[in-house]
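Values in this text are rule-based calculations from the coordinates and carry no lab data. Model, not experiment: these values are computed from the prediction. Reconstructed Cβ throughout: ideal geometry from the backbone, glycine too, with neighbour counts over all protein chains shown.
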Amino acid sequence: MGVNARARISIETVRWQMCAIALRSCDLILGCVDSIAEREQLETAARRYLTPYVDVGMDVHRMAQGFSIGGQVALSMPGGPCLRCMGIIDDRKLELEAQAYGAAGGRPQVVWPNGLLASLAVGFLVQLFTPWRKASELPLLLEFDGDAQTVSPSNKLLYLEEDACSHFADLTSLGDPLWGTEGLRKRKATAKS
Ligand SMILES: [Zn+2]
């Protein structure tokens, strides 16, 4: 509020799918969901609304000696490389995620990587909406090595054959399942009153 005293804050305490209309009017979506399937759904919704999507992901792996932590923050812009292009989502991961999650137990102490990755995601937001940097100059994928405690721009995208994403190539085919329903809902509410 110190930055914008007139900011309107709306808090929804339901799953994001239940307030998709509110999501549609956002200028940016930050996703911090647990599962790969969930982040695929959220990215698809963001592409449908032509909204930039910042995805935060972190994973804990059991090693011979303790645990290893890795993570990433990815900027998925409409028309640009998506999470599948970046290798964050693929069909094999979708199949395996149920077994892989929870390698460090049900309540792993991951407050420090979560805090770091969340701050990096806010960094994308600030850089997109203020004159810090041109959006075209932003690294789209930052990789976090929790063992070395380092964050680096990924070089994965250097190996993409094209900058354009083929997974959401035809944006018009995504459609908007809620298009028009908002007006319908309001008309119904008005008719009842
Ligand atoms: Zn893609």
Between the stretch 37-97 and the stretch 1-17, the Cα center-to-center distance that results, in Å: 24 Å
Label point at Gln109 placed 7 Å out along Cα→Cβ; residues across the stretch 33-67 whose backbone nitrogen lies under 14 Å: 67
In nm, spacing of pseudo-spin labels at Val122 and Ala148 (7 Å Cα→C-beta vector): 2.6 nm
Cβ crowding within 10 Å averaged over residues, with 66-79, 84-97 ranked highest first: 66-79, 84-97
Mean separation of Cα contacts under 8 Å, 6 or more apart, over the residue count of the stretch 15-87: relative contact order %: 26 percent
Sum of side-chain charges, Ser68 neighbourhood, beta-carbon under 11 Å (Lys, Arg +1; Asp, Glu -1): -2
Rounded if a/c under 1.5, otherwise prolate or oblate - the stretch 1-105, Cα gyration tensor axes: prolate
Ranking of Leu128, Leu50, Leu117, Leu158 by count of other Cβ atoms within 10 Å, fewest first: Leu158, Leu50, Leu128, Leu117
Gain on full stretching of the segment that runs from Met18 to Val3 - 0.36 nm per residue minus C-alpha separation: 2.4 nm
